[in-house]
Amino acid sequence: MASTKKKAAAATTSRARLASVIKSARDTMRKDAGLNGDLDRLPQLSWLLFLKAFDQRVEQVGPLLDPDYRPAIEKPYRWEDWATKPDFSGNELKTFVNDELIPHLAGLKGADGDAEDPRNVLSTIFKDVNNRMQSGTLLRDLVNLVDEIHFDSSDDIHTMAFLYESILKEMRDAAGDSGEFYTPRPVNRFMVQQSFLELGESILDPACGTGGFLVQAYEDLVQRVETDTQRRQLHDDIRGIEKKSLPYLLASMNLLLHGIGAPRLVRENALLQMRDATAADRVDVVLTNPPFGGEEERSVVEKFPKGYQTQETSWLFLHAILDQLKKGGRCAIVLPNSSLFATGENSIGARIKQKLMQECNLHTIVRLPQGAFAPYTQIPSNLLFFEKGQPTKEVWFYEVPLPEGRRGYTKTKPMRFEEFAPCVEWWGGAMREGREEGENAWKVSATEIAKAGFNLDIPNPHVGEGLTHRSPEELVNELIKTESEILGLLGELRDELGGSVE
C-alpha cells in the first residue's frame, strides 16, 4: 500500500510540475505582440515541444537501439546546440530560428518513399511552420521553459500526453465554428473498441485531424505487444492522412508523445491519395470522421467514376474508403443524418449507399443523441460499422439516448464514454451474437432499405410507445423538468457571456 501511495504522490507531483511549466509557457506567449489567441499560441508551443520531444525520444534513443543510427538533425540545429544556451537570446536567437533553423528543418530530405525516415517527417512538419513570436527575449524565455520538460521518464511522457490532449481540446474550443468538427474522445474510444482491432492489422484514418482515432487505436493495441518486432509492426500499421498543416503538426506531436517516433502520417489530400492508391496500399481497418458539408475542387471530384461525382466530401470519402479496404476489411465512420437520408434514382448519395450495401455488410448504425458533438456542432450524427466482402442482408440500428434528465450536452457537460455501456452490452461481442430488438434497438432488412431508395435515416419504431403509456401527471412533471433545464442552460450561457445579460 505504501508503494502505491508513493507512486500516486509522484505522479501527482509530476503532473502538477508539468502543468505549472505549461501554464508559465502560455503566460509568456501572452506577452508577445505577435501571438493573438490560442490559435496562434498553441501551434507555437507545439512545434517547440515537438523538437524537444524528438531530441529526447528519437535522436538520443536512436544510437542505443541501432549503432548505425544517423542523427536526423545535425549541428548547429540540434536542440542542445541552441535551445540549452540561456545567453543565446534576443534578435540573435530570433534571426537564427527564422532564417536558419526552420528553413533547415523544412529542407531535410530522407530516403525516397521511406515513411520511417525521420527527416521526411521533420521536413513535412516544418514546411509550414512559422515562428510567430516577435520578441527574441520572450522566445528565449519560452524555449527555457520547454527545455525544463523531460521526455525520458515514462511518467512524464504519460503526463505530458495527458496535458497535450487538454491543450488540443482548448484549441478545438478556440477554433469555434471554423467548420472543423473534432471527434469527442468517448466517441473515438467507442468506435475503436467496437472495431475489435488485432495486432498485425493496418489501420488508417484518412482524415486524421489531431490523431484522436490513431492514438486511441495505438493505446488499445500496445497493451498486447510482447516483442520489439510486434512494436515496430504496430508503429508501421498506424497510418493517417491529413491535408492541413496545423492538424498534421498536432497529430505528429500527439503520436510522438504516445511513443511513435516516426508517425506514418501523410500530408496530402486524402481523396487524391486514396484514388491513386494501389492494391498494396489497402488496409484492414478504417476509423474516421470525414469532413462533411464541405466541397471539393473539381479536379478532385473528377478522379471519381461517372455517376459518383459529387462535391459533398462525406460521400466522396465513403466511396474512396470502399476501395481502400482489403477484402474482409472493416470500417467505422461518422456520418451526419443528411447523408443517411439521401434517396432516389438521381441521388449520388443513394448510389453510394447502394454500392456500400452491395459490396459490404453494413451491420450496425449507431444513432448518437442530439448534440453529441456539442459545442462544435449540433448536427445529428451516426456511426456506421461495416465489413467488406459480403452484401448487406439486414441493418441493425441502435439509438443511444440522452442520459435521464438531460436535454443536451454542453462544453462543461459533454458526452461520457459510460453512456455507451448499454450499447456495448447489446452489441454481442466481435461476432455480434444474441442481439435482440428492444426500446433502443431495431433491425431493417436490406430489401426494405432498397425499396425505400436506400434511405438509412430510419427512426426508432419504439419511440412513442413509452409516451402512450405515461400518466398526465408524469407528462406535466416532465414538462416542468424540461423548463428547469432550459433555465439552467440559459444560466450557463449567461455565465459564458460574462454575466452581461440582464
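Considering region 129-158 alone, what residues qualify as being modelled with pLDDT under 85 and open to solvent by 10 Å² or more (accessible area, probe 1.4 Å)?
Across region 129-158, the qualifying residues are His150, Asp152, Ser153, Ser154, Asp155, Asp156, Ile157, His158.
Here is a check on your reading of the model: is Arg132 part of a loop (DSSP other than H, G, I, E, B), touching a helix residue (DSSP H, G or I) at 6+ places or on another chain (Cβ under 6 Å) and closer than 25 Å to Leu250 by Cβ?
Details: part of a loop (DSSP other than H, G, I, E, B): yes; touching a helix residue (DSSP H, G or I) at 6+ places or on another chain (Cβ under 6 Å): yes; closer than 25 Å to Leu250 by Cβ: yes.
So Arg132 fits the description; yes.
Restrict the check to region 107-121 and report whether at least one residue is closer than 24 Å to Glu165 by Cβ and of a type outside the set (S, T, N, Q).
yes
Restricting the search to region 228-261, which residues are open to solvent by 20 Å² or more (accessible area, probe 1.4 Å) and either modelled with pLDDT of 95 or more or assigned to a helix (DSSP H, G or I) (or both)?
Asp228, Thr229, Gln230, Arg231, Arg232, Gln233, His235, Asp236, Arg239, Ser245, Leu246
Do you know which of the residues in region 268-295 that are in contact with a strand residue (DSSP E or B) (Cβ under 8 Å, 6 or more places away or on another chain) and acidic (Asp, Glu) is farthest from Gln216 (Cα to Cα)?
This residue is Glu295.
Does Leu199 qualify as being out of contact with any Pro (no Cβ under 6 Å at 6 or more places or on another chain), under 23 Å from Glu296 (Cβ atoms), at pLDDT 95 or above and not charged (D, E, K, R)?
In short, no.
Give the residues of region 72-89 that are out of contact with any His (no Cβ under 6 Å at 6 or more places or on another chain) and surrounded by 16 or more Cβ atoms within 10 Å (Cβ to Cβ), sorted by residue number.
Once the filter is applied, which keeps residues that are out of contact with any His (no Cβ under 6 Å at 6 or more places or on another chain) and surrounded by 16 or more Cβ atoms within 10 Å (Cβ to Cβ), region 72-89 yields Ala72, Ile73, Arg78, Trp79, Trp82, Ala83, Ser89.
Before we move on, is Ala332 crowded, with 19+ Cβ neighbours inside 10 Å, touching a residue at least 60 places away in the same chain (Cβ under 8 Å) and in a strand (DSSP E or B)?
Criteria met by Ala332.
For region 53-71, give me the residue count where each residue is open to solvent by 10 Å² or more (accessible area, probe 1.4 Å) and either closer than 30 Å to Lys23 by Cβ or not in a helix (DSSP H, G or I) (or both).
The total comes to 13.
Which one is farthest from Gln354 (Cα to Cα) among residues in region 287-311 that are assigned to a loop (DSSP other than H, G, I, E, B) and out of contact with any helix residue (DSSP H, G or I) (no Cβ under 7 Å at 6 or more places or on another chain)?
Glu297
Taking region 94-109 as the search range and keeping residues that are open to solvent by less than 60 Å² (accessible area, probe 1.4 Å) and without any contact (Cβ under 8 Å) to a residue 24 or more places away in the chain, which one is nearest to the chain's Cα centre (by Cα)?
Step by step, filter region 94-109, then rank; the result is Ala106.
The values are calculated or read from the model by the stated rules, or taken from the named source; none is laboratory data. None of these values were measured; they are calculated from a predicted model. Glycine gets a Cβ as well: all are built from the backbone with ideal geometry, and neighbour counts include every protein chain shown. Side chains included, ligands, DNA and RNA excluded: accessible areas come from the protein's heavy atoms. Shrake-Rupley method; radii C 1.70, N 1.55, O 1.52, S 1.80 Å.
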